[in-house]
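For reference, the structure discussed in these notes is given below.
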Amino acid sequence: MKNSVGREIPRELIEQGWQPYQGKDAYNGTEFQKVGPKIKVADQGSEEKVLNSIEEAIRACGLKDGMTLSFHHHFRDGDYIVETVMREIVRLGFRDMKLACSSIGSAAPIVADCIETGVVTGLTTSGIRDRIGEAVSHGKLKDIAILRTHGGRIRAIEQGKIHIDVAFVGAPSCDAYGNASGKGGKSNCGSLSYAEIDVMYADQVVVITDTLVPFPNKPSHIEGIYVDYVVEVNEIGNPKKIASAAARMTTNPKDLMIAEDCVRVMRALPYFVDGFSFQTGVGGPSIATTIFLREHLKELGIKIGWIVGGVSTHMVNLMKEGLVGCIADVQDFDLGAIESLGTDPRHFDISVSEYANPFNKGAFINKLDFVILSALEIDTDFNVNVLTGSDGVLRGAAGGHPDTAACAKCCIIVTPLVRGRIPTVCDRVVTVTTAGDSIDVLVTDHGIAVNPLRQDLIKHLNAAGIEHVDIHTLRDKAYSIVGQPDDIQFEDRVVAIVEARDGTVMDVVRQVKPFSISED
Amino acid sequence: MRIEHKAMAGTLESSDVMVTVEPAEQGIQLSITSPVIRQFGRAIKQTALETMERLGVIDAKVTIVDQGALDCTLKARLESAVYRSVGITENIPWGRDNV
């Protein structure tokens with residue numbers, strides 16, 4: 001059976017109850033019953049939740065083979081929590097564990113070992129990279145991995161599709177009763193939004209901190225009412241890798257050109273009026289776009305009403321200059337953003353449900369005007385891949401990409417036309433992570449293309465004299481530079497399901513096939 | 001053209017390719033590594049064989065360590081390596097047939 005982006009959904013998945021993706025608005029008006037966690041009522045006589053070690057916490061939780069553990073990714077490449085906990089899991093001889101991560105990357109190579117040895121047999125995450133991506137793509141994980149968007153992960157938790165037995169939450173500061181914060185410690189990360197929903201739905205919650213502070217640790221991002229145990233360790237992470245000094249502005253002329261064109265497109269659209277809302281990431285053209293917006297805002301005498309999502313110093317600077325009303329934060333990319341969060345009352349954190357959950361009563365991104373996103377690949381149907389590399393191996397993150405693209409009134413993809421010999425614009429992306437029905441404009445260093453579904457935008461760009469071409473022209477240009485790529489060959493076995501934000505199947509990722517040049 | 005001694009051209013920088021040619025018996029022995037081998041391995045092989053044929057190289061061991069180079073870069077590095085291997089370093093007949 002094919003879904004609405006033309007991807008074949010294997011029959012065995014349909015038989016297991018998976019539904020094919022049917023478009024970004026297919027779930028509107030859906031009703032469902034939320035699940036709730038099992039709560040062990042606190043002993044009223046005990047005023048502390050502190051245990052001496054992670055092993056003690058694992059034993060106190062009554063951890064068993066086959067249970068699901070959750071982790072958050074706010075410490076990014078500086079994270080020590082996953083590594084520390086999984087080392088104990090291995091040492092204590094547990095098997096068949098299922099991991100539910102908001103994202104997982106290069107900081108936890110032990111997870112790749114655990115997948116190889118069967119200590120970990122299940123995985124759901126939004127991002128997957130390095131050795132863990134290799135292990136899954138080479139078919140080492142026993143279960144099929146499920147790759148979820150940030151909003152889709154929260155929906156799956158609230159629907160009970162992900163049941164978290166134990167949530168491990170790394171926190172820069174915490175009191176002995178479990179009130180935890182992303183600030184106030186040695187290794188601050190700012191917002192803890194990705195953990196906020198986990199602790200509400202996990203049966204048991206363990207906070208791991210390296211800075212134990214007096215009660216009450218308020219304001220807290222994680223409330224003690226959700227926390228069973230607190231463990232103090234020497235280091236929760238490497239502060240240098242958790243947050244850089246400031247996300248760097250690119251000097252790459254291609255990126256700068258793309259960013260300039262992106263801002264020109266934004267300005268030509270009717271959403272570019274006083275009080276508009278804006279989101280972007282920290283890629284080269286994205287930060288440049290944020291910086292270039294300043295002059296246009298000043299010239300027109302307007303300001304951005306609010307910014308949502310991941311936050312960098314550049315956004316904070318715009319707010320300080322009075323060009324942004326407020327920032328709704330789910331993740332902080334650098335020290336300037338961390339410092340500002342909660343210090344300036346206009347800069348506050350929101351949970352990931354409030355940010356991007358498709359199955360609540362209205363997330364922030366439902367009201368978003370512009371989102372500027374990147375892509376590894378985009379095809380002539382405007383489908384975007386941000387998950388698999390050109391070798392077919394998992395090495396990226398869906399993150400909030402499909403969520404924000406689906407919701408924003410205008411989603412602009414900014415990307416160079418080719419990277420090395422890899423064409424970004426192509427006939428057919430390896431993996432669809434974000435459906436073409438969610439993507440509105442593509443801005444490259446070789447031209448702009450508008451999704452023909454958005455004739456309204458085409459009219460505005462034409463009126464503003466902004467040149468744009470059919471996306472097939474950009475594909476032809478890319479192929480004229482790098483040549484036409486061969487299709488990547490895969491085995492039949494499905495190793496990962498790319499779940500759309502509403503829980504349907506957007507695409508599947510298959511096991512990579514050993515490649516030999518002499519086979520042709 | 002007969003490969004006289006081992007010669008190299010190119011670098012391991014991104015978007016470049018390092019080509020090594022060495023004397024060999026019995027035809028072209030090709031070795032290719034590339035981060036884009038699944039999409040462009042066939043194209044790289046074809047360009048390498050065509051270039052060797054065009055330069056009249058019949059016996060050679062050709063090692064290609066690609067870092068995502070475009071086809072034009074690959075051709076230039078192949079030619080450079082071959083000319084260096086026969087001691088031609090001036091007035092190089094770039095892109096020319098059989099010298």
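Which residues does a label at residue A:271 reach in the stretch A:472-501, if reach means a backbone N under 20 Å from a point 7 Å past the Cα toward the Cβ? Backbone N within reach: A:501.
For the stretch B:19-59, a decrease in accessible area of 40 Å² or greater in the assembled protein chains relative to the isolated chain, with a 1.4 Å probe, applies to B:37, B:38, B:39, B:40, B:42, B:45. What net charge do the residues around residue B:38 carry, taking every other residue with its C-beta under 10 Å from that of residue B:38, with Lys and Arg at +1 and Asp and Glu at -1? Residues near residue B:38 contribute -1 overall. In the context of the full set of protein chains, residues of chain A present 39 Å² of accessible surface per residue (probe radius 1.4 Å, heavy atoms only). 3J(HN,Hα) along the stretch A:203-214: 4, 9, 10, 10, 9, 10, 9, 10, 9, 8, 10, x Hz, from the Karplus curve 6.51 cos²θ - 1.76 cosθ + 1.60 with θ = phi - 60°, whole Hz, x for Gly and Pro.
Amide H contacts under 5 Å for residue A:211: A:174, restricted to partners 5 or more places along the chain or on a different chain, H placed in the peptide plane at 1.01 Å from N. Per the accessible-area calculation with a 1.4 Å probe, the total area buried between chain B and chain A rounds to 1700 Å².
Counting heavy atoms of the protein chains alone, residue A:453 has an accessible area of about 120 Å² for a 1.4 Å probe. Extending 7 Å from the Cα toward the beta-carbon at both residue A:52 and residue A:321 defines two label points whose distance is 5.6 nm.
Shape call for chain A from the C-alpha gyration tensor, a ≥ b ≥ c root eigenvalues: rounded (a/c under 1.5), prolate (a/b greater than b/c) or oblate? Judged from the Cα gyration tensor, chain A comes out oblate (a/c at least 1.5, b/c at or above a/b). With each label modelled as a point 7 angstrom along the Cα→C-beta vector, the residue A:294-residue A:106 pair spans 3.0 nm.
Normalised by 2.2 N^0.38 Å, where N is the number of residues, the alpha-carbon radius of gyration of the stretch B:7-85 equals 0.97.
In the assembled protein chains, residue A:338 presents an accessible area of approximately 10 Å² (probe radius 1.4 Å). Placing pseudo-labels 7 Å out from each Cα toward the beta carbon at residue A:409 and residue A:186 gives an inter-label distance of 4.8 nm. Solvent exposure of the stretch B:7-85, expressed per residue, is 42 Å² of accessible area, with all protein chains present and a 1.4 angstrom probe.
Here the gap between residue A:60 and residue A:344, fully extended at 0.36 nm per residue and compared with their Cα-Cα distance, gives a gain of 98.3 nm. Take every Cα pair under 8 Å whose residues are at least 6 apart in sequence, average their separation, divide by the length of chain A, and the relative contact order is 16 percent.
In chain B, excluding the sites themselves, the longest stretch lacking any of the trypsin sites (Lys or Arg not before Pro) that are in a DSSP loop with at most 14 other Cβ atoms within 10 Å is B:7-95. Calculated over the stretch A:253-488, the projected area of the Cα convex hull averaged across directions stands at 12.6 nm².
Residue A:433 contributes about 10 Å² of solvent-accessible surface, heavy atoms of the protein only, 1.4 Å probe.
Placing a label point 7 Å from the Cα of residue B:88 along the Cα-to-Cβ direction, the residues of the stretch B:3-27 with a backbone N closer than 17 Å are B:3-9, B:21-23. Within straight-line reach of residue B:6, meaning a Cα separation under 12 Å, sit the following aspartates and glutamates at least 8 residues removed in sequence or on another chain: B:22. As a calculated quantity, the FRET efficiency between residue A:360 and residue A:513 at R0 = 35 Å, using C-beta atoms, amounts to about 0.30. Just how many pairs of Lys in the stretch A:253-488 have C-alpha atoms closer than 29 Å, counting pairs that are eight or more places apart or on different chains? So the count works out to 23.
Would you please calculate the Kirkwood hydrodynamic radius of the stretch A:1-90 over all C-alpha pairs and express it in Å, rounded to one decimal?
18.5
For the stretch A:305-316, 3J(HN,Hα) computed residue by residue from phi via the Karplus equation (6.51, -1.76, 1.60; θ = phi - 60°) reads x, 8, 10, 10, x, x, 10, 10, 3, 4, 5, 4 Hz, glycine and proline entered as x.
Carbon-plus-sulfur fraction of the accessible area of chain B, 1.4 Å probe, in percent?
In chain B, the share of accessible area belonging to carbon and sulfur is 48 percent.
The values are calculated or read from the model by the stated rules, or taken from the named source; none is laboratory data. As the structure is a prediction and not an experimental result, all values here were calculated from the model. No Cβ is skipped: glycine too gets one built from the backbone with ideal geometry, and neighbour counts run over all protein chains shown. These area figures cover heavy atoms from the full protein model, side chains too; ligands, DNA and RNA do not enter into them. Shrake-Rupley method; radii C 1.70, N 1.55, O 1.52, S 1.80 Å.
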